[in-house]
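Report on the structure given below.
The values are calculated or read from the model by the stated rules, or taken from the named source; none is laboratory data. All figures in this text were calculated on a predicted structure; none of them were measured in a lab. Because the Cβ atoms are built from the backbone with ideal geometry, glycine has one as well, and the counts that use them run over all protein chains shown. All accessible areas refer to the heavy atoms of the entire protein, side chains included, with ligands and DNA or RNA removed. Shrake-Rupley method; radii C 1.70, N 1.55, O 1.52, S 1.80 Å.
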Amino acid sequence: MALFCIPFTLMVVLFHIWFLSPAMCTLVLFLQVFSVTMSSFTNMAIGVDRLIAVLFPLKIRITSSRSSCMIALIWLFSVAIASAELFVARVAEAYFEGDIVLVCGEIWEKASHGSIYWWMNIVFVCFIPFIVLTVTYSILANVLWKRRAPGNADTSRDQLALRAKRKVVKMLLTIVVMFGVCWMPLSILILFLEYHYELALKPGSKLISIYISLHWLAMAHSFVNPIIYGFMNDNFRDDLKNLFKKLRLLSSVRSASTTYTS
């Protein structure tokens, strides 16, 4: 996302010219669609995985082999969706401010095919994951909220459990809201520009500035979830601290071994 989505999109939007080779044009557009699709599907898979783990804690366990299969399916499906760019992403000549310049874009035999493709992209990358995350996390929050600790009532224990539930529910709600806030505005703008692209080319149009802002917001979702987990999940923070401790210990052992060998 950081390497292929942000820099190249910014270059095209600011200069309206493609400076690189035709092969890079095809590769960049392919990797842009691939990385966005993969990121979105991964978030959706995590939501489904968490729901299954909570609803069926004893019946279904996500093993490493099953996780590997799921990751492979996400990558394959993302490649399948992005593969269309390998056939339509091309460098072509275009008129810009009275000059003929090279631009990188999609060249479809029929404009309707391009519209169908981008509708499919928006539905799969934004709308379906948002609906799935909303449904799964809503069910998950409801189940966790209603679940009671076994045994006799204990005020201190129950208060701790209630605080933990509130944290989890807030975290789940934040994840869903941030997904919608980050991706929905750009998706709506892309669909709008698909039918009214000429408005973005008008002198003094604010659509380019709006597109840059919404594109940055969508890309920001790539680092939003780790921040959410870090601030709102105690287990995540503890695991991260343990990881750094292990890394420091490993570094100390290597340093001592090098000194001893010398």
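Surface calculation, 1.4 Å probe, protein heavy atoms: R166 sits at approximately 120 Å² accessible. Here the calculated FRET efficiency for V181 and E109, from their Cβ-Cβ distance with R0 = 25 Å, stands at 0.10, rounded to the nearest 0.05.
Within the assembled protein chains, the solvent-accessible surface assigned to L189 is about 20 Å², based on a 1.4 Å probe.
Express in whole angstrom the spacing between the alpha-carbon centres of the range 63-114 and the range 1-34. What the calculation gives is 11 Å, centre to centre. Taking 0.36 nm per residue of separation and subtracting the current Cα-Cα distance, fully stretching the chain between F56 and N235 would add 62.3 nm. At an R0 of 45 angstrom, the distance between the Cβ atoms of L191 and S255 translates into a FRET efficiency of 0.20. Taking label positions 7 Å along the Cα-Cβ direction at both T134 and I210, the computed distance is 2.2 nm, reported to one decimal. Taking a Cβ cut-off of under 15 Å around C104, the surrounding Lys, Arg, Asp and Glu residues balance to a net charge of -2, with basic ones at +1 and acidic ones at -1.
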